[in-house]
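Comments concern the structure below.
The values are calculated or read from the model by the stated rules, or taken from the named source; none is laboratory data. Quick caveat, the model's predicted, so the values are computed rather than measured. Cβ atoms come from the backbone with ideal geometry, glycine included; neighbour counts cover every protein chain shown.
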Amino acid sequence: MFRSGMTFCRGRCYANSRSRDHSENSRMKQSYILLVCAAALLSTGCRQSPAQNEGREGKAALVLDSKAALGREVFLQHSRPPCSQCHILREAGARARIGSNLDDLKPDIERVRRSVTDGSGLMPPQADRLTVEQIEAVAYYVATVAGKTD
């Protein structure tokens with residue numbers, strides 16, 4: 001049986017230096033690939049996820065503070081149905097056409113708060129589904145970003 005990295009000549013076994021070099025190169029390549037992957041993973045932690053950047057197609061992204069970020073999360077996920085299923089709001093990537101186009105309407109905080117709490121037209125009230133903090137956050141978020149991503 002021949003083993004990798006060994007050369008047999010006249011019944012003697014000689015270590016093949018070429019295969020040793022090859023295995024060292026292979027280890028170096030593996031280390032390099034691991035280093036590149038680690039750098040890529042670390043660098044993606046500094047960027048926004050696709051979901052956070054959705055709807056901003058080539059525009060300068062708005063910087064959201066923690067209250068606006070919570071409001072965005074409520075807008076996209078926590079209300080029932082989610083606000084994004086009915087409204088248009090470019091910053092959130094919402095393109096539905098059932099409810100108001102919030103980018104055109106540019107509502108103030110009080111108007112959003114009242115609509116979310118009590119409902120408006122076909123929009124169901126969310127007071128029993130969302131906390132006061134969530135209602136305040138979504139009102140702040142919509143009033144802050146509506147019409148601002150032109």
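Scanning the stretch 68-85 for residues that are under 17 Å from VAL145 (Cα atoms) and buried (at least 18 other Cβ atoms within 10 Å of the Cβ) yields ALA68, LEU70, GLY71, ARG72, VAL74, PHE75, LEU76, CYS83, SER84.
Looking at the stretch 79-150, what helices (runs of 4 or more DSSP H) fall wholly within it and have at least 1 residues that are under 20 Å from SER66 (Cβ atoms) and touching an Asp or Glu at 6+ places or on another chain (Cβ under 9 Å)?
109-118, 132-145
PRO125 meets the conditions (1) at pLDDT 95 or above; (2) buried (at least 17 other Cβ atoms within 10 Å of the Cβ) in every case but one. The failed one is (2).
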